[in-house]
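Report on the structure given below.
The values are calculated or read from the model by the stated rules, or taken from the named source; none is laboratory data. Please read these numbers as outputs of a predicted model, since none were measured by experiment. Glycine also receives a Cβ, built like all others from the backbone with ideal geometry; neighbour counts cover every protein chain displayed.
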Amino acid sequence: MKYDEFIQRVQELAGVQTSDEALRLTQAVLETLGERLYRTEQSQMAAQLPKGIKELFVARQPPENTRRDVQGFSLEEFYHRVSARSGVSYPKALKQTKAVMAVLQEAVTSGQIEDVRRELPAEFDELFEPMNGE
């Protein structure tokens, strides 16, 4: 998947009006997900993302990120962080986060998605469920 395809797909699934909104949303979700994952998993997933998207995923983590540097926040906090970063309400952040995660699952291998799922607590499984109507 190419950069433009990724952003366009996010725009469609999230129901946002512009590609700038889709990019801002993508950045908010990927930065937040990056805070919750170990550096190795981030790097492996980023390697499968299009140029311009992969940089959003690893931008906030220092190269020396270790297991103790990973932030252990809840799924609710995940949504709150996405809401704050993207400038949308909490209810919108729920739907739009799932849109970005759906596109992420289209862009990388299922094996990589499973690796990420195993690294997250069970409550995060809803991020990987199909969107309603999909």
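Quick look at the numbers
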read-out: Residue within segment 61-70 that is modelled with pLDDT of 95 or more and surrounded by fewer than 16 Cβ atoms within 10 Å (Cβ to Cβ) present; value: no
read-out: Cross-chain or 6+ apart pairs with Cβ under 7 Å, segment 11-25 first and buried (at least 20 other Cβ atoms within 10 Å of the Cβ), then outside any helix (DSSP H, G or I) and modelled with pLDDT under 95; value: Leu13/Met131
read-out: Filter result (surrounded by 14 or more Cβ atoms within 10 Å (Cβ to Cβ) and at pLDDT 90 or above) within segment 49-60; value: Leu49, Pro50, Gly52, Ile53
read-out: Residue count for segment 23-58, restricted to those that are closer than 16 Å to Tyr79 by Cα and either more than 14 Å from the chain's Cα centre (by Cα) or of a type in the set (A, V, I, L, M, F, W, C) (or both); value: 6
read-out: Residue list for segment 105-123, filter: without any contact (Cβ under 8 Å) to a residue 60 or more places away in the chain and closer than 20 Å to Leu25 by Cβ; value: Gln105, Ile113
read-out: Lys2, sole failed condition from (1) of a type outside the set (Asp, Glu); (2) without any contact (Cβ under 8 Å) to a residue 24 or more places away in the chain; (3) surrounded by fewer than 16 Cβ atoms within 10 Å (Cβ to Cβ); (4) over 16 Å from Lys95 (Cα atoms); value: (2)
read-out: Looking only at segment 101-121, and only at residues there that are aliphatic (A, V, I, L, M) and not in a helix (DSSP H, G or I), the one that is farthest from Glu12 (Cα to Cα); value: Leu120
